[in-house]
1. Please specify each residue of the range 36-52 satisfying the condition of being closer than 20 Å to residue 66 by Cβ and more than 18 Å from the chain's Cα centre (by Cα).
2. How many residues are surrounded by fewer than 15 Cβ atoms within 10 Å (Cβ to Cβ) and modelled with pLDDT under 95 if we restrict to the range 70-92?
3. Please find, within the range 14-35, the residue that is farthest from residue 105 (Cα to Cα) out of those that are under 10 Å from the mean Cα position of the chain (by Cα) and surrounded by fewer than 19 Cβ atoms within 10 Å (Cβ to Cβ).
4. Can you tell me which residue among 109, 64 is farther than 13 Å from residue 16 by Cβ and among the aliphatic types (A, V, I, L, M)?
5. Between residues in the range 21-40 that are free of Cβ contacts under 8 Å to residues at least 12 places away in the same chain and residues that are β-branched (Val, Ile, Thr), which pairs lie under 8 Å by C-beta distance while being six or more apart or on different chains?
6. Do we find a residue being in contact (Cβ under 8 Å) with a residue 40 or more places away in the chain and surrounded by fewer than 18 Cβ atoms within 10 Å (Cβ to Cβ) anywhere in the range 95-110?
Amino acid sequence: MSDDERELIRGYQSAVQILVAALRNTYGQEDLLAARRDGAIPPRAAIGGVEFAFHGVGCRGTVAGIEVDFDFGPDGRTDGFDAWRLWDFARQSPEKYPRFQRREDLEVALHALAAAGEIRCTRSAPSPHLWYLKV
């Protein structure tokens with residue numbers, strides 16, 4: 001994996017984790033998707049400068065002026081990604097991520113990472129389309 005892909009994936013995951021931490025700390029819930037479905041978390045709100053709106057099996061939020069969208073993975077995972085989500089994140093910072101301003105470029109990069117065995121797709125509910133870094 002090149003430094004460009006690593007920087008983008010880590011930047012995206014970091015923004016997601018800030019959003020997830022804000023939700024968990026504010027609402028005292030570990031399983032955010034279940035808590036949202038049970039009504040313990042509102043569908044949208046602003047907390048401590050972080051805005052969020054749940055959708056389907058995911059959440060979109062604004063962290064430090066950058067929008068980030070994620071879907072929940074198996075066992076409540078929040079570190080998954082796909083080409084669209086990475087592109088959506090990258091396009092907001094073209095100076096930081098110039099290689100990834102076209103979604104097609106991210107699709108090619110993810111395909112190469114998968115072929116190299118650096119990422120994997122678990123094909124697991126609730127979001128079988130998500131990729132994860134192999135650790």
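The values are calculated or read from the model by the stated rules, or taken from the named source; none is laboratory data. Everything numeric here is computed off the predicted structure, so don't read it as measured data. Cβ: placed from backbone, ideal geometry, glycine included. Neighbour counts: every protein chain shown.
1. Matches in the range 36-52: 45, 46, 47, 48, 49.
2. Adding up the residues that qualify gives 2.
3. Once the filter is applied, the top-ranked residue is 17.
4. Residue meeting the stated conditions: 109.
5. 35/41
6. yes
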